[in-house]
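Participant: Following this message is one structure expressed as structure tokens.
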Amino acid sequence: MSHQTVPSRSSADGRPPATLLVDGTWRSADTCFDVVDPATLEVIGRAADAAPPDAREALDAASAAFPGWRSVPAEERAAHLRIAAGEIRNRADHLADLLTRENGKPLAEARGEVLASARMLDWSAEEGRRTYGRVTPPAANGPGLVLKAPVGPTLAITPWNFPASMLARKLGLALAAGAPIIAKPAEQTPLIAAALVHILQETGLPTGVLQLLTTSRPAEVVGALLEDRRLRKLSFTGSTEVGLGLVRGTGGWLRRISLEMGGHSPAIVCADADLAAAAAGVAAAKFTNAGQSCTAINRLYVHREVHDEFLSLLLDKVAALKLGHGAAPGTTTGPLIDQYGLAKVERHVRDAVAHGARAQTGGRQWIPDRAELKGAFYEPTILTGVDDTMQICREETFGPVLPVHVVDDDQEAVDRANDTDYGLAAYAFATDFRRIWKIVDGLNFGIIGINEPAPVRPELPFGGMKNSGQEREGGSEGIEAYLETKSVAFKL
Ligand code: NAD
């Protein structure tokens, strides 16, 4: 774990923060940890620091709740989610403000994420009523049935970069499917998780169906759950490194595992693209959330004949970005989450420049002229003169830096785009349909945006190939991740 937390006994107002929801009760823990605004480094709250005994208690409660929750009619389960979605919309301003202060993203992006969380709960509610099985044609002995059953007690582990929507994806689908769920948010962003879980719990969910473990000790708390065979499902969103570690350390029990992990997204700009729209799209898909998105473009391949014109349009877009506190009017780009994030970005840029790359703009830490902005800001950066061997072209950067490559044809662009261990998202900007189809067919990525910088919708399955993950969230595939399949053969 790279994040450092400060243990203490009470929250800022002297009372212990009750951010654990275990067995139907909100409660605190023996210690708690600080939550900071990444732009100012000011402590904005504290969260209870759950320990392994809390985790075991939560799993006891989830196991006890499972038979009842799976028997609740799907329509009733869906009603909880729809009410919560409405309440999230009602409280969107407050939730967006909290999200900005905890994560650093600009308010408009935070609001978009909050509303996307509500949409995801609505989608889950609808999907929960459509978990159909099927009847197979009679064989010699009789017909067969394929039944779908909720997977059972589930653990959701979520990251700090989209702490509301990543949680909503998991909570919505698990609850709609009839599976009790224990949420374990990232230690940087426990407060938005507590706010969302509060809203869901206020809909009158039965005890143990939804629980929350905020903790600064994820390995210990998660370890206590993984070693227990009653945990039937792990749904993880976070880095590839931690995700692969969890797969290796499953406690000796096979269980269903969904993994949504790191990305290294390529984007291709073809000669026939609408270049102005492509520049706006690339800037959005790169610099949203200060480049800290799993689907952020990390490598750009531009056709030689339009390279110079496109680069100039892109530099205009970057020049219009405004760094600052996410809550300040006009801010488009907030801070990186912490010093560790900054150190990785600096390492990638240093390596690229040492190997011949040139920063067309940016290329250094941004030092604000306002004393209260003590966080880790980095100037939006465009690198040219890059090659595929540089660290930035092999690893996820998770910051506002974009290396721009030149390519001579579509096949070269697709081959170089595919030359990675990741397979989450890819983008192409073009107009000719045959050309687009060939690119889509050639790209080995789970999510593809065509002239679309934000290719994430509840209706579409979200997830990656290769080391970016397995299983999907969203689309009709999403709920399948929380269902077991039973085959029933009849002899009549
Ligand atoms: P992270 O892997 O450090 O942490 C993710 C979660 O795992 C957090 O809740 C953390 O507390 C927990 N965790 C950390 N170490 C653990 C351990 N040893 N045992 C159990 N749990 C542990 O990732 P992050 O820095 O929070 O998030 C950024 C990463 O997430 C990036 O790589 C990004 O690409 C990825 N991400 C992927 C998707 C996707 O859908 N594919 C979405 C968002 C973020």
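Participant: Given the structure, is Thr250 open to solvent by 10 Å² or more (accessible area, probe 1.4 Å), in a loop (DSSP other than H, G, I, E, B) and near the ligand (Cβ under 9 Å from one of its atoms)?
Facilitator: For Thr250, the condition - open to solvent by 10 Å² or more (accessible area, probe 1.4 Å), in a loop (DSSP other than H, G, I, E, B) and near the ligand (Cβ under 9 Å from one of its atoms) - is not met.
Participant: Further question: Take the range 7-20 and flag every residue that is within 16 Å of the ligand (Cβ to nearest atom) and either of a type in the set (A, V, I, L, M) or at pLDDT 95 or above (or both).
Facilitator: Thr19, Leu20
Participant: Next up: So in the range 200-238, with the set limited to residues that are within 15 Å of the ligand (Cβ to nearest atom) and of a type in the set (Asp, Glu), which one is surrounded by the most Cβ atoms within 10 Å (Cβ to Cβ)?
Facilitator: Restricting to residues being within 15 Å of the ligand (Cβ to nearest atom) and of a type in the set (Asp, Glu), the top hit is Asp228.
Participant: Across the range 55-108, what is the number of residues that are in a helix (DSSP H, G or I) and over 18 Å from Arg232 (Cα atoms)?
Facilitator: So the count comes out to 31.
Participant: Residues Thr158, Thr189: which one is in the same structural domain as Ala18 (by TED's automatic domain parsing), in contact with an Asp or Glu (Cβ under 6 Å, 6 or more places away or on another chain) and near the ligand (Cβ under 9 Å from one of its atoms)?
Facilitator: Matching residue, one of Thr158, Thr189: Thr189.
Participant: Since Ala278 meets every condition but one in (1) part of a helix (DSSP H, G or I); (2) farther than 21 Å from Ala168 by Cβ; (3) open to solvent by 30 Å² or more (accessible area, probe 1.4 Å), which condition does it not meet?
Facilitator: (3)
Participant: Just for the range 284-314: of the residues that are in a strand (DSSP E or B) and away from the ligand (no atom under 16 Å from the Cβ), which one is nearest to the chain's Cα centre (by Cα)?
Facilitator: Leu300
Participant: With under 20 Å from the mean Cα position of the chain (by Cα), part of a loop (DSSP other than H, G, I, E, B) and either surrounded by fewer than 18 Cβ atoms within 10 Å (Cβ to Cβ) or away from the ligand (no atom under 16 Å from the Cβ) (or both) as the only criterion, which of Gly326, Gly330 stands out?
Facilitator: Every option except Gly326 fails the conditions.
Participant: Among the numbered criteria (1) open to solvent by less than 10 Å² (accessible area, probe 1.4 Å); (2) under 25 Å from the mean Cα position of the chain (by Cα), which one does Trp69 miss?
Facilitator: (2)
Participant: Can you tell me which residues in the range 243-272 are of a type in the set (Val, Ile, Thr) and either in contact with a Pro (Cβ under 6 Å, 6 or more places away or on another chain) or closer than 22 Å to Val151 by Cβ (or both)?
Facilitator: Hits for the range 243-272 are Val247, Thr250, Ile257.
Participant: So the check is Cβ under 7 Å with 6+ separation or different chains; which pairs have a first residue in the range 464-486 that's within 17 Å of Ala78 (Cβ to Cβ) and a second one that's away from the ligand (no atom under 11 Å from the Cβ) and part of a strand (DSSP E or B)?
Facilitator: Listed by first residue and then by second, the contacts come to Tyr482/Pro150; Tyr482/Thr154; Tyr482/Lys233; Leu483/Lys148; Leu483/Ala149; Leu483/Pro150.
Participant: Let me ask something additional. Look through the range 371-389, keep the residues that are in contact (Cβ under 8 Å) with a residue 40 or more places away in the chain and assigned to a loop (DSSP other than H, G, I, E, B), and return whichever of them is nearest to Asp316 (Cα to Cα).
Facilitator: Pro380
Participant: Within the range 88-138, track down each residue that is open to solvent by less than 60 Å² (accessible area, probe 1.4 Å) and of a type in the set (Asp, Glu).
Facilitator: Residues satisfying the conditions are Asp97, Glu102, Glu109, Glu113, Asp122, Glu127.
Participant: Can you tell me how many residues within the range 296-316 are among the hydroxyl-bearing types (Ser, Thr, Tyr) and open to solvent by 10 Å² or more (accessible area, probe 1.4 Å)?
Facilitator: The total comes to 1.
The values are calculated or read from the model by the stated rules, or taken from the named source; none is laboratory data. Just so it is clear, the structure is predicted and the values come from calculations on it, not from any experiment. Positions of Cβ are generated from backbone atoms using ideal geometry, with glycine treated the same way; all protein chains shown enter the neighbour counts. With ligands, DNA and RNA removed, areas are computed over all heavy atoms of the protein, side chains included. Shrake-Rupley method; radii C 1.70, N 1.55, O 1.52, S 1.80 Å.
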